[in-house]
1. From the list 224, 206, which one is under 23 Å from residue 43 (Cα atoms), modelled with pLDDT under 95, hydrophobic (A, V, I, L, M, F, W, C) and in contact with a Leu (Cβ under 8 Å, 6 or more places away or on another chain)?
2. When the residues of region 10-59 are narrowed to those that are farther than 22 Å from residue 181 by Cβ and open to solvent by 80 Å² or more (accessible area, probe 1.4 Å), which ends up nearest to the ligand (Cβ to nearest atom)?
3. Go through (1) part of a loop (DSSP other than H, G, I, E, B); (2) touching a His at 6+ places or on another chain (Cβ under 8 Å) for residue 136 and report which single condition fails.
4. Among the residues of region 180-196, is there at least one that is in contact with an Asp or Glu (Cβ under 8 Å, 6 or more places away or on another chain) and within 15 Å of the ligand (Cβ to nearest atom)?
5. For residues in region 131-156 being among the β-branched types (Val, Ile, Thr) and more than 22 Å from residue 114 (Cβ to Cβ), which is farthest from the ligand (Cβ to nearest atom)?
6. Which of the helices (runs of 4 or more DSSP H) contained wholly in region 28-131 include at least 3 residues that are modelled with pLDDT of 95 or more?
7. Identify the residue in region 94-115 that is out of contact with any helix residue (DSSP H, G or I) (no Cβ under 8 Å at 6 or more places or on another chain), open to solvent by less than 50 Å² (accessible area, probe 1.4 Å) and near the ligand (Cβ under 10 Å from one of its atoms) and, among all such residues, is farthest from residue 81 (Cα to Cα).
8. If the Cβ limit is 7 Å and pairs must be 6+ apart or interchain, which residue in region 32-56 that is among the aromatic types (Phe, Trp, Tyr) pairs with which residue that is assigned to a loop (DSSP other than H, G, I, E, B)?
Amino acid sequence: MVALMRETHFGYAQVPLADKQALVDGVFHKVARRYDLMNDLMSAGLHRAWKDALVTAINPPPKGRPGRLDEKPDRDFALLDVAGGTGDVSFRTIEAGGTGTRATVADINADMLAVGRERAAERGLDDAVTFVDANAEALPFPDKSFDAVSIAFGIRNVPRIEVALAEMHRVLRTGGRFLCLEFSNVDVPGLDALYELYSFNVVPAIGRAVVGDAEPYRYLVESIRRFPRPNAFAEMMRAAGLRRVSHRMMSGGIVALHSGWRL
Ligand SMILES: C[S@@+](CC[C@H](N)C(=O)[O-])C[C@H]1O[C@@H](n2cnc3c(N)ncnc32)[C@H](O)[C@@H]1O
């Protein structure tokens, strides 16, 4: 199927909605073990800065300062990181927050979750992070159960984005914040052509060298092109019930950080 879809530059756009999830699952099954290394190589380490901005916006309650008995104790804070893969955003949030910070990684791919569980154990974070096999379109959590819900480089892989947005809004507590980090549209003259060249040539080549297959990364690059522009995505967030919707572009538009609140 994949070979057939390569016929045109945007051939993957032809994948019927019903087949899209299976295609995405195959991609992440193939890359799970090398996913974190690939992230560093393909973004030249930039994904770390983008995720730092995301964690700053998630804003977990800070660590209490030792010896300051008058200081309020850390409050509990629960993050749900949807399409959380190998747990990177959750680990960063827990490390940035105080002792009451907890995270749940929900992902549809058992291979990505397995790598995440190993990483959590290596970092001594297994008590603070829970890994759950879950589809973003049908989250197995009660209404209003999280202080923040994040999704990083995941929403464009979900077949029915509007269903996932409604689910993420449902599980967010009133006053909680939804944050979405996603690739966007480079509109800086000169950088756009360079980015196009990099995405369609360098990224699949790195994929071939490290994972042994360029195809998964060709698919990922194409999915970026098809994802709604920031204003259109903002409308989808509002339609899901989110309020005070905003976004900010980073790195010349390579990535957008979208934000909305449940009020
Ligand atoms: C590019 S990775 C991002 C992983 C992680 N958020 C990060 O930034 O490192 C995309 C993830 O989305 C997951 N995914 C794809 N479709 C999903 C769905 N319908 N529900 C939940 N997770 C999904 C994949 O399994 C994969 O782990």
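The values are calculated or read from the model by the stated rules, or taken from the named source; none is laboratory data. Bear in mind that the values here come from a model prediction, so they are computed numbers and not experimental data. As a convention, Cβ positions derive from the backbone with ideal geometry for all residues, glycine included, and neighbour counts pool all protein chains shown. Areas reflect the complete protein model, heavy atoms only, side chains present, ligands, DNA and RNA absent. Shrake-Rupley method; radii C 1.70, N 1.55, O 1.52, S 1.80 Å.
1. 206
2. 29
3. (2)
4. Looking for residues that are in contact with an Asp or Glu (Cβ under 8 Å, 6 or more places away or on another chain) and within 15 Å of the ligand (Cβ to nearest atom), one finds none in region 180-196, hence no.
5. 149
6. 46-58, 88-96, 110-123
7. Kept after step one, since they are out of contact with any helix residue (DSSP H, G or I) (no Cβ under 8 Å at 6 or more places or on another chain), are these residues of region 94-115: 94-95, 97-100, 106, 110, 113.
Okay, now just the ones that are also open to solvent by less than 50 Å² (accessible area, probe 1.4 Å), so 94, 97-98, 100, 106, 113.
Now restrict to residues that are near the ligand (Cβ under 10 Å from one of its atoms): 106, 113.
Values: 106: 6, 113: 12 Å.
Looking at residues that are out of contact with any helix residue (DSSP H, G or I) (no Cβ under 8 Å at 6 or more places or on another chain), open to solvent by less than 50 Å² (accessible area, probe 1.4 Å) and near the ligand (Cβ under 10 Å from one of its atoms), I get 113.
8. Sorted first by the residue in region 32-56, then by its partner, the pairs are 35/85; 35/86.
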